[in-house]
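Okay, so here's the structure we're looking at.
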Amino acid sequence: MSEPSGTVSAPSGDDLLDPRAVADPYPLLAALREHDPVHWSARYRSWFVTRFDDVSAALRDPRFSSDRISPYRRARLDGPDADPALRAAFGVLEDWMVFKDPPDHTRLRKLLSRAFTPRAVERTRPRVVELTDELLDAVLRRATGRVDLIRDFAYPLTASVTAELLGVPRADQDRFKDWSDRITGLVFGGLTDAGRHAAGAAGMAELTDYLGRLVEQHEREPADDLLSALISARDDRDSLSHDEVIATGVLLLFAGHETTTNLIGSGVLALLRHPAQRALLDADPGLLGGAVEEVLRFDGPAKTVARLMAEDVELGGRRLLRGQRVFLCPSAANRDPAVFAEPDAFDITRRNGRQLGFGVGLHYCLGAPLARLEASIAIPRVLERLPGLRFRDEAPHWAPVLLSRGLERLPLRFDP
Ligand code: HEM
């Protein structure tokens, strides 16, 4: 059946959380990029930057600071009345390299890069194939001809891959979904959302407690996994502290699966919506790498990337003031007609090495090789093993989140 349509015209303005913009943010982002490329949003009390050249330059500019947790902690959580659980949770986030500027960022990134090498990623390949097939076998065994590609496949796949890479025993992996969902509220929720904060803080406490015990066990008995590599990662003078190993473990678990789930979901969706592109891919598997890059450009998981102004900066005739928040939008930049011909067309043969779906500059995604590997195994395998894959009577459902773009549900049918 063809895709059920919930399609309506985009809202005007900058309400990216309007249900229509959640379903399809691109018309709204295109209007901003064309008419107000450095836009002050009263709604979000933040700037939105949408042109490719501006987003790319800002991501490399140290005046657009990544250190956005510690100012919040100092302002809200250092007082005597602050909730200790929340302070502890934000303390873990503060140890994430993605929220740090040099020199702290440089130090953490260097140490993590020693442990999380392209070789370590490549070694996961056979296991990713195996896990992919196990999950698809389970879907086929149910013989219902129905699948929610996110819940039944992409989410458990990417969660298991990251957890196994780190060295989390299989039996414990189910608990991660709940922790990770709750922490998502802390990282992606509004900073003033008290309910989400409390749940996120509790989830973070349980996860760090769990990982703390796992780190201690790995300290006693090193294994051939990333957690052991993190514990022993050092250069001539330096290594990660116990707390930094835990925080980095949480970061990897968190950064690794939600985003990659989104990439797999968006990839399968884009190929189902564009049968001619799918036919090209079926005919020439050599196009796979380009297809994954095109999904990252066309409908990638990084909708916006946040920064805090460290100084006043002139950009596009506007003055961004020190302390203001800025959302840099890879999702808008990746469809900038100044850089990509026919930017709204999904074209897997396009040469688009410049897409910003993994960011750029100092914070360029460290997990990009793993994400590419997982997507390039999972997407074709789903299409190959679930015959007649097609939409069913329920529209794809997107998560209402400002920072990321991802399907919460992708209900599909296939011939059992
Ligand atoms: C399709 C999947 C993914 C997407 C779209 C994605 C996107 C991004 C983006 C846009 C950034 C830059 C953030 C910024 O500049 O503030 C980033 C950073 C990062 N990503 Fe990913 N990511 C993905 C998968 C992964 C995976 C699988 C891992 C690891 C298991 C990972 C680990 C990281 C880490 C550690 C950073 C921080 C790097 C730094 O601050 O230097 N990511 N990612």
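Tell me, which residue of segment 395-411 that is modelled with pLDDT under 95 and aliphatic (A, V, I, L, M) is farthest from Val22 (Cα to Cα)?
Result: Ala395.
Filter segment 241-279 down to residues that are farther than 12 Å from Leu407 by Cβ and of a type in the set (S, T, N, Q) and give me whichever is farthest from the ligand (Cβ to nearest atom).
Only one residue fits best here, namely Gln277.
From the list Arg60, Arg73, which one is modelled with pLDDT of 95 or more and touching a helix residue (DSSP H, G or I) at 6+ places or on another chain (Cβ under 7 Å)?
Arg60 is the lone residue from the list that is modelled with pLDDT of 95 or more and touching a helix residue (DSSP H, G or I) at 6+ places or on another chain (Cβ under 7 Å).
Which of the residues belonging to segment 17-53 are without any contact (Cβ under 8 Å) to a residue 24 or more places away in the chain and of a type in the set (Asp, Glu)?
Asp18, Asp24, Glu34, Asp36
For Pro80, only one of the following conditions fails: (1) away from the ligand (no atom under 15 Å from the Cβ); (2) not polar (S, T, N, Q); (3) not in a loop (DSSP other than H, G, I, E, B). What is its number?
In the conditions (1) away from the ligand (no atom under 15 Å from the Cβ); (2) not polar (S, T, N, Q); (3) not in a loop (DSSP other than H, G, I, E, B), Pro80 misses (3) alone.
If the Cβ limit is 7 Å and pairs must be 6+ apart or interchain, which residue in segment 216-243 that is under 13 Å from Leu166 (Cβ atoms) pairs with which residue that is of a type in the set (D, E, K, R)?
Taking only residues 6 or more apart or on different chains, the pairs are Ile231/Glu219.
So, of the residues in segment 230-239 that are more than 13 Å from the ligand (Cβ to nearest atom) and closer than 19 Å to Ala120 by Cβ, which turns out to be surrounded by the most Cβ atoms within 10 Å (Cβ to Cβ)?
Ala233
Just to be sure, is Arg220 within 29 Å of Ser376 (Cα to Cα), modelled with pLDDT of 85 or more and charged (D, E, K, R)?
No; evaluated as a whole, the condition is false for this residue.
Got a sec? Which of Arg74, Arg63 is surrounded by fewer than 18 Cβ atoms within 10 Å (Cβ to Cβ), in contact with a strand residue (DSSP E or B) (Cβ under 6 Å, 6 or more places away or on another chain) and under 24 Å from Val305 (Cβ atoms)?
Going through Arg74, Arg63 in turn, just one is surrounded by fewer than 18 Cβ atoms within 10 Å (Cβ to Cβ), in contact with a strand residue (DSSP E or B) (Cβ under 6 Å, 6 or more places away or on another chain) and under 24 Å from Val305 (Cβ atoms): Arg63.
Mind telling me which of the residues Val187, Val129 ends up being in contact (Cβ under 8 Å) with a residue 60 or more places away in the chain and either touching a His at 6+ places or on another chain (Cβ under 8 Å) or within 28 Å of Asp243 (Cβ to Cβ) (or both)?
Result of the check over Val187, Val129: Val187.
Surrounded by fewer than 18 Cβ atoms within 10 Å (Cβ to Cβ) and either at pLDDT 95 or above or more than 17 Å from Ala302 (Cβ to Cβ) (or both): does that describe Pro387?
yes
Is it true that Arg307 is buried (at least 21 other Cβ atoms within 10 Å of the Cβ) and within 19 Å of Arg273 (Cα to Cα)?
No: the conditions fail for Arg307.
Yes or no: Arg307 at pLDDT 95 or above, more than 16 Å from the ligand (Cβ to nearest atom) and not aliphatic (A, V, I, L, M)?
no
Given the residues Phe358, Phe414, which is the only one that is at pLDDT 95 or above and farther than 19 Å from Pro301 by Cα?
Phe414
Please go through segment 383-398 and give me each residue that is more than 16 Å from the ligand (Cβ to nearest atom) and in contact (Cβ under 8 Å) with a residue 60 or more places away in the chain, ordered by number.
Across segment 383-398, the qualifying residues are Leu383, Arg385, Leu386, Leu389, Arg390, Phe391, Arg392, Asp393, Glu394, Ala395, Pro396.
Condition first: under 15 Å from the mean Cα position of the chain (by Cα) and in a helix (DSSP H, G or I). Now tell me which residues in segment 300-336 satisfy that.
Answer for segment 300-336, where residues must be under 15 Å from the mean Cα position of the chain (by Cα) and in a helix (DSSP H, G or I): Pro330, Ser331.
For the subset of segment 109-121 comprising residues that are in a helix (DSSP H, G or I) and within 20 Å of the chain's Cα centre (by Cα), which member is farthest from Val161 (Cα to Cα)?
My answer is Arg109.
Considering segment 359-374 alone, what residues qualify as being more than 7 Å from the ligand (Cβ to nearest atom), more than 14 Å from Leu328 (Cβ to Cβ) and hydrophobic (A, V, I, L, M, F, W, C)?
Leu373
Being more than 13 Å from the ligand (Cβ to nearest atom) and either surrounded by fewer than 15 Cβ atoms within 10 Å (Cβ to Cβ) or hydrophobic (A, V, I, L, M, F, W, C) (or both) is the filter here, so list the residues in segment 84-102 that pass it.
Hits for segment 84-102 are Pro84, Ala85, Leu86, Ala88, Ala89, Phe90, Val92.
Here's the yes/no breakdown for (1) of a type in the set (A, V, I, L, M, F, W, C); (2) touching a Gly at 6+ places or on another chain (Cβ under 9 Å); (3) in contact (Cβ under 8 Å) with a residue 24 or more places away in the chain; (4) within 11 Å of the ligand (Cβ to nearest atom):
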| site | (1), (2), (3), (4) |
| --- | --- |
| Val55 | yes, no, yes, yes |
| Leu59 | yes, yes, yes, yes |
| Pro71 | no, yes, yes, no |
| Arg119 | no, no, no, no |
| Arg123 | no, no, no, no |
| Ala138 | yes, no, no, no |
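Can you pull out every residue in segment 355-384 that is in a loop (DSSP other than H, G, I, E, B) and surrounded by fewer than 16 Cβ atoms within 10 Å (Cβ to Cβ)?
Tyr364
The values are calculated or read from the model by the stated rules, or taken from the named source; none is laboratory data. All figures in this text were calculated on a predicted structure; none of them were measured in a lab. All Cβ positions, glycine included, derive from the backbone under ideal geometry; neighbour counts span all protein chains shown.
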